[in-house]
1. Cut-off is 10 Å between beta-carbons; in what order do 168, 66 appear when sorted fewest neighbours first?
2. With +1 on each Lys and Arg Cβ and -1 on each Asp and Glu Cβ, and nothing else charged, work out how big the dipole of the stretch 241-288 is about its Cα centre, in Debye to the nearest 20.
3. Determine which lysines satisfy two conditions relative to residue 324: a Cα distance under 21 Å, and not lying fewer than 8 residues away in the same chain.
4. Among 77, 233, 147, flag the residue with its Cα farthest along the positive direction of the charge dipole of the chain, charges on Cβ as +1 for Lys/Arg and -1 for Asp/Glu.
5. Once every DSSP H run of n ≥ 4 in the chain is given -39500 (n - 2.57) and the sum is divided by its residues, what mean residue ellipticity at 222 nm do you get, rounded to the nearest 500 deg cm²/dmol?
6. Residue 23 to residue 193: extension gain in nm, 0.36 nm per residue of separation minus the Cα-Cα distance?
7. Whole percent per 10 Å bin, from 0 to the bin with the longest distance: what is P(r) over all C-alpha pairs of the stretch 109-195?
8. Which ordering of 162, 351 is given by a fewest-first count of other beta-carbon atoms within 10 Å?
Amino acid sequence: MLIDLHNDAIPRLVMNGNANLAERNSHGATDLVRLREGGVHVQTFVMFCNGQYQGEEAYAYAVAMMDRFDQLMATAPQRVEQARRVSDIPTIVASGRIAALLAVEGGHMLADSPDKLESFHRRGVMYLTLTWNNSTNWATSAYDETTDRVGRGKRGLSPLGKDILARMNGLGVVADLSHAGEQTFYDVIKATTKPVMATHSNAYALVPHYRNLKDEQLSAIAENDGLVGVNFYAGFVDAGYRDRFSSLIQLHPDLTDALGREQLVQGNVDVRMKFLDALPPQEMQWLLPDLDRLLDHIDYLVEKTGIDHVAIGSDFDGAEAYPKGINDVTAYPLLLDGLRKRGYTSGMLAKFTGSNALRVLAGQRPVNRHNTIKQ
């Protein structure tokens, strides 16, 4: 079974009218046709909005995205069905359909109301990413902590945040710590009664970006019996990607000005995708990291946490670029072939692609907590 824990196609493609995910489309990296071609059995669709939405407006936008998710389920019931419980997943997959999971990325969509968490749970939300880059009133983000936008005395989980976490534990909504600041991360690790996830993060030791996890955080996730979902985004995979992208911005001043230099530099994904689409093929090949860099992160995460604690969190349609050959959701066979060549057994790949995610989504602990990367 192949499970991806993080995909942004609903907010990135559906909400702006660029794609019908029920059909093969030319926009973005995801649709039901290509998911089947890539061998994806379980796809998590995240409901995401950035910090421009706050309070009740953010909650309303989350509900609107969920309504569009429901429309997709109704449009192609013979090919996809929502799994509202982890126990639904094997039955849906056995029927030959894709099991679709629902998640929320950005705790600000709760509008500071624990009761709204329960409404999300009734819609079938499997996990909540506590923050995006913007902090909430109850949890601080990695971006805000790293840039000192939030003072040290105000970082981490507030009493409201601890209440929300306790409700998540009780409902079975998994806490996702990708995007969470370090203080928030450790506050959650200390307070949670269930395994946690960092659904789309990589190794800080290989690429020192605030969105990646330091060795101490990886150890804490392993001790918590949680998992890390490997992120495919080129900027989190390869430390040189950012400098190469900046070089291309300087090389194409007219294109940069036409699209908006500030938006490009600040990382607006939609603007960056337009920029990359306009580049000559040879420049794209120079920009993108090799697949080996992504495999290096998987190796490193497994070495530091054990094979029971690593999964897939692609971030497809949530970023502008991925390693060479990893263009869309059809690329999983290439990824798995690369891991086999590095010595991963079928049993290890079964954990990496499926059973680890199923276990943590169900709030369970691994049978053996001391696995190593290779026998």
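A short reminder: the numbers here are calculations on the coordinates, not readings from a lab. Quantities reported herein were computed from a predicted structural model and do not represent experimental measurements. Note that each Cβ is placed from the backbone with ideal geometry, even for glycine, and that neighbours are counted across all protein chains shown.
1. Working: 168 26, 66 20.
The order, fewest Cβ neighbours first, is 66, 168.
2. Dipole of the stretch 241-288, to the nearest 20 debye: 140 debye.
3. List returned: 274, 341.
4. Ranked along the dipole, the leading option is 77.
5. The helix contribution divided over the chain gives -12000 deg cm²/dmol.
6. Gain in length upon complete extension: 57.1 nm.
7. Calculated P(r), rounded to whole percents: 19, 54, 24, 3.
8. Values: 162 18, 351 24.
Arranged by neighbour count, lowest to highest, 162, 351 become 162, 351.
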